[in-house]
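The values are calculated or read from the model by the stated rules, or taken from the named source; none is laboratory data. Remember, predicted model here, so these are calculated numbers, not experimental data. All Cβ positions, glycine included, derive from the backbone under ideal geometry; neighbour counts span all protein chains shown.
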Amino acid sequence: MFTTLWIIATIAIFVGLMYYRSSLLVTSLALVGLFAVGNLLGIVGPVLWTVLAVVLLPLNITAFRRGVLSKSILSVYRNIMPEISDTERDAIDAGTTWWEGDLFRGAPNWKKLHSIQKSELTAEEQAFLDGPVEEVCKMLDDWEATHELADMPEHVWQYLKDHKFFAMIIKKEYGGLEFSAYAQSRVLQKLAGVSTILASTVGVPNSLGPGELLQHYGTKAQKDYYLPRLAVGDEIPCFALTSPEAGSDAGSIPDSGVVCKGMWEGQEIVGIKLNFNKRYITLAPVATVIGLAFKLYDPEQLLGDKAELGITAALIPRDTKGLEIGRRHFPLNVPFQNGPLRGQDVFVPLDYIIGGKEMAGKGWRMLVECLSVGRAITLPSNSAGGVKSIALATGAYAYIRRQFKLPIGKMEGVEEPLARLAGDAYLMDAVTRFSTKAIDLGEKPSVISAIAKYHMTEKLRARMDDAMDIHGGKGICLGPNNYLGRGYQGVPVAITVEGANILTRNLMIYGQGAIRCHPYVLEEMLASADHTAAGLARFDKALFGHIGFAMSNFVRSMVLGFGGWHFSSTPFGDSTAKYYKQMNRFSANLALLSDVAMGVLGGSLKRKQRISARLGDMLSYLYLASATLKRFDEEGRQKDDLPLVHWALQDTLHKLQESQLALLDNFGGIGKALKVVMYPFGRIASRPSDKLDHKVAKLLLKPNASRERLGAGQFLSPEGAFGYLETTLRDIIKAEELFDRVRKAANQRMSFIFLDKVAAKGKELGVLNDEEVALLIRAEEGRLRTINVDDFAHEDLMAGKAARDYALANKPKKPKAAADAA
Ligand SMILES: Cc1cc2nc3c(=O)[nH]c(=O)nc-3n(C[C@H](O)[C@H](O)[C@H](O)COP(=O)(O)OP(=O)(O)OC[C@H]3O[C@@H](n4cnc5c(N)ncnc54)[C@H](O)[C@@H]3O)c2cc1C
């Protein structure tokens with residue numbers, strides 16, 4: 001009896017110590033204590049004491065552990081693990097970790113999540129959104145820009161320059177706006193709801209480019225010259241990294257700069273001879289200053305003793321001799337300025353290098369550092385803004401458009417994509433708020449920025465498809481009256497730029513996440529490269545910390561998996577509690593799976609992209625879910641928003657679970673064994689039910705407080721397409737009641753069309769006053785504009801040579817007298 005109790009108590013205490021991650025010393029002392037009790041009870045004898053001593057002594061005698069155990073493991077480790085390359089080291093050093101680190105480490109502290117302060121706009125930022133941003137949204141005619149001009153009209157460009165749209169990141173001391181990342185995100189969201197050209201043109205100079213690079217690394221002279229000019233739009237920047245031979249593998253650019261002597265402004269100086277061929281460069285055709293990335297060589301060793309200095313970034317003015325610039329690419333009918341640029345033997349002085357010659361060879365580090373910030377703002381915000389606007393527009397359209405005598409949004413089949421639009425609009429806004437908060441707190445969140453870039457742009461793609469499906473032909477026929485088509489066409493741009501998505505998901509999220517977020521892996525890697533005694537000591541500490549961490553994650557996964565998750569920590573006792581509890585379990589599973597994958601696959605995990613991608617999915621979904629819970633709390637836990645919160649959480653955690661199961665199913669015998677530990681009773685997260693889809697879809701169909709919060713900050717003035725839809729939706733809802741009144745008075749069957757005729761009938765029957773008649777007529781106008789599409793004369797659709805030939809052939813003939821005079 002005592003023996004059984006002692007065994008149960010010993011196991012329970014050991015499991016508890018592991019679960020709560022107690023140190024080696026505390027665990028060892030607790031075990032000795034338990035054995036002493038066992039000894040008193042006559043259960044533990046010399047054999048068990050010997051076993052305990054054999055296990056504990058080598059671990060606790062530091063000199064032995066380090067000199068024998070760690071030393072031999074270190075030599076095996078060095079053989080298996082490839083040395084970390086300079087490029088990888090730069091990428092790792094360039095970022096910091098934040099909340100995603102807690103999620104990765106298996107035991108998230110929810111109090112910490114909810115103690116992060118909410119982002120707020122300053123009065124100046126709000127005024128900018130309400131003033132210049134609202135104004136430029138009214139100014140731009142997207143059809144004119146995309147179809148007729150293949151550019152924004154000159155007055156819009158000028159307005160953007162005059163109001164410092166390109167200077168949101170530039171500090172006030174240089175004349176810029178110096179907005180928070182959160183404010184930038186709100187600006188981009190609003191612009192993206194109007195036009196992809198507008199959002200891309202404003203987004204790029206405020207993301208990775210000369211402005212950002214100069215502020216961080218420029219010399220005083222460079223900052224003093226360029227930043228004030230960039231702030232007022234006297235200079236338009238672009239950044240040229242990509243070349244035909246090097247896209248995703250940007251580190252392998254063949255573009256070169258050779259340090260040599262040459263003539264510059266009549267004098268011989270040491271400078272750089274550049275040869276480059278770049279493509280896809282946003283703003284290049286109109287740029288006045290080009291940030292250029294190239295590999296710097298110094299064969300004559302004029303700068304020092306290194307012949308190859310590495311990737312370097314320089315600023316090249318447009319009028320530099322030999323620079324070939326101005327032609328355009330045509331990105332998927334969203335013709336923002338983008339094009340190639342080339343240069344052959346272009347000679348420039350050394351002080352064109354950003355940061356001067358001290359920064360020669362440091363370009364890669366500069367780029368990845370800046371990218372880890374910009375990538376979390378521009379594309380995620382553009383995507384969130386796009387989805388927020390189309391969610392509202394699609395809801396309104398689905399109510400206004402009727403088939404089979406019903407608003408199409410009330411049909412179950414349409415509810416499914418509508419629910420996805422609403423749920424993701426809520427989640428995407430939450431993610432951009434949360435990620436920009438990290439930046440405003442001073443983080444360089446390289447893992448978060450990869451997560452946000454990938455998931456927000458993928459959601460944009462999927463939700464665009466949903467919006468198109470619901471709009472049917474209305475979304476397909478292009479013209480001034482189509483508010484979806486260009487956004488839909490432009491989606492692959494967001495997918496491809498700033499780290500193409502397949503690469504981002506398969507390599508970057510987890511590749512960086514594992515090394516940056518894991519509490520011991522990076523330290524082990526760095527320590528293994530240090531061949532001194534101090535290196536061994538560091539390795540020993542990291543290794544045994546790692547072993548304890550892995551054991552703890554195994555125990556946590558098992559305890560939580562076998563039912564413990566129901567009792568695990570949650571900061572709130574309401575209906576969101578179950579999500580925190582599920583996430584406690586998934587987070588522990590991720591930590592364990594990470595260690596198992598790294599332990600089993602070692603360096604080859606990099607090549608096992610399907611595994612790496614799924615581990616990255618787990619981390620990503622935990623991050624998206626946290627951001628959603630955070631938003632709900634920050635907005636005062638609005639009861640009305642609960643359907644959206646439930647939908648977003650259920651969809652996200654279900655996807656997490658499926659990625660995890662796919663990983664386990666593709667991980668051989670180990671996967672099968674771990675599945676028993678992690679899913680002893682099967683799946684725990686289910687996808688949103690049809691009932692929940694119905695509730696969420698309904699929120700989009702008619703005005704209400706939740707719907708307003710979903711579209712908050714978007715351009716909804718009646719002058720814009722989406723604002724007009726909102727006004728029409730309200731009119732149609734009011735018109736329904738009037739329609740019913742007329743139908744009853746007329747005592748006849750009527751369809752909800754020709755509302756102007758219904759108005760006339762109502763007036764004739766004396767059941768509508770003048771105001772109501774006017775409302776029905778306005779509702780009909782709005783309804784027709786909503787459902788109708790554009791048509792064109794054949795020649796209006798011609799472009800290029802065909803259009804020029806047509807214009808020539810159909811030129812009005814000169815009157816005979818004028819022709820004779822000529
Ligand atoms: C409209 C537009 C604007 C752009 N603006 C700029 C700019 O301003 N400045 C600039 O320098 N560049 C710019 N780019 C370039 C952009 O960053 C690159 O297009 C991008 O890096 C991908 O390169 P790629 O198109 O050559 O595709 P590739 O590198 O050929 O990739 C093709 C596919 O293979 C996948 N892939 C590649 N390597 C791996 C891997 N190791 N593992 C898994 N999958 C992989 C990619 O994910 C992608 O799906 C722009 C591109 C476009 C289209």
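Taking residues in segment 40-55 that are part of a helix (DSSP H, G or I), and partners anywhere that are surrounded by 10 or more Cβ atoms within 10 Å (Cβ to Cβ) and of a type in the set (Ser, Thr, Tyr), not one pair has Cβ atoms closer than 7 Å while being at least 6 places apart or on different chains.
When residue 245 is tested against (1) within 11 Å of the ligand (Cβ to nearest atom); (2) crowded, with 19+ Cβ neighbours inside 10 Å, exactly one condition is not met: (2). Restricting 304, 326, 322, 291 to residues that are within 22 Å of residue 217 (Cα to Cα) and more than 12 Å from the ligand (Cβ to nearest atom) narrows the list to 304. Checking residue 516 against (1) in contact with a Gly (Cβ under 7 Å, 6 or more places away or on another chain); (2) more than 16 Å from the ligand (Cβ to nearest atom); (3) at pLDDT 90 or above: exactly one of these is not met. Which one? Failed condition: (3).
hydroxyl-bearing (Ser, Thr, Tyr), without any contact (Cβ under 8 Å) to a residue 24 or more places away in the chain and surrounded by 13 or more Cβ atoms within 10 Å (Cβ to Cβ): does that describe residue 85? Considered against the rule, which asks whether it is hydroxyl-bearing (Ser, Thr, Tyr), without any contact (Cβ under 8 Å) to a residue 24 or more places away in the chain and surrounded by 13 or more Cβ atoms within 10 Å (Cβ to Cβ), residue 85 comes out as no. Scanning segment 453-466 for residues that are within 18 Å of residue 396 (Cβ to Cβ) and in contact with a Gly (Cβ under 7 Å, 6 or more places away or on another chain) yields a count of 1. For segment 51-69, the count of residues that are of a type in the set (A, V, I, L, M, F, W, C), more than 14 Å from residue 544 (Cα to Cα) and surrounded by 13 or more Cβ atoms within 10 Å (Cβ to Cβ) is nonzero. The strands (runs of 3 or more DSSP E) found entirely in segment 215-328 that carry 1 or more residues being basic (Lys, Arg) are 256-264, 267-282, 289-297. Remark: pairs (first residue in segment 240-253, within 18 Å of residue 366 (Cβ to Cβ) and touching a residue at least 60 places away in the same chain (Cβ under 8 Å); second residue more than 8 Å from the ligand (Cβ to nearest atom) and assigned to a loop (DSSP other than H, G, I, E, B); Cβ separation under 8 Å; 6+ apart in sequence or on different chains) = 241/253. Spot the failing condition for residue 502; the list is (1) assigned to a helix (DSSP H, G or I); (2) surrounded by fewer than 20 Cβ atoms within 10 Å (Cβ to Cβ); (3) without any contact (Cβ under 8 Å) to a residue 24 or more places away in the chain; (4) more than 16 Å from the ligand (Cβ to nearest atom), and only one is missed. Here residue 502 meets the rest and fails (4). Residue 333 fulfils the conditions (1) assigned to a loop (DSSP other than H, G, I, E, B); (2) more than 16 Å from the ligand (Cβ to nearest atom) except for a single criterion, (2). Check whether at least one residue in segment 697-719 is surrounded by 17 or more Cβ atoms within 10 Å (Cβ to Cβ), in contact with a Cys (Cβ under 8 Å, 6 or more places away or on another chain) and at pLDDT 95 or above, and report yes or no. Yes, segment 697-719 contains at least one residue that is surrounded by 17 or more Cβ atoms within 10 Å (Cβ to Cβ), in contact with a Cys (Cβ under 8 Å, 6 or more places away or on another chain) and at pLDDT 95 or above. Looking only at residues of segment 336-376 that are within 16 Å of the ligand (Cβ to nearest atom) and in a strand (DSSP E or B), we find that the one that is nearest to residue 437 (Cα to Cα) is 338.
For residues that are aliphatic (A, V, I, L, M) and under 12 Å from residue 624 (Cβ atoms), tally how many sit in segment 645-668.
Selection size over segment 645-668: 4.
Does residue 283 fit the bill of being touching a residue at least 40 places away in the same chain (Cβ under 8 Å), surrounded by fewer than 24 Cβ atoms within 10 Å (Cβ to Cβ), within 16 Å of the ligand (Cβ to nearest atom) and more than 14 Å from residue 352 (Cα to Cα)? So residue 283 passes the test.
Please determine whether any residue of segment 256-276 is within 16 Å of the ligand (Cβ to nearest atom), of a type in the set (D, E, K, R), touching a residue at least 24 places away in the same chain (Cβ under 8 Å) and buried (at least 19 other Cβ atoms within 10 Å of the Cβ). No, there is no match, as no residue in segment 256-276 is within 16 Å of the ligand (Cβ to nearest atom), of a type in the set (D, E, K, R), touching a residue at least 24 places away in the same chain (Cβ under 8 Å) and buried (at least 19 other Cβ atoms within 10 Å of the Cβ).
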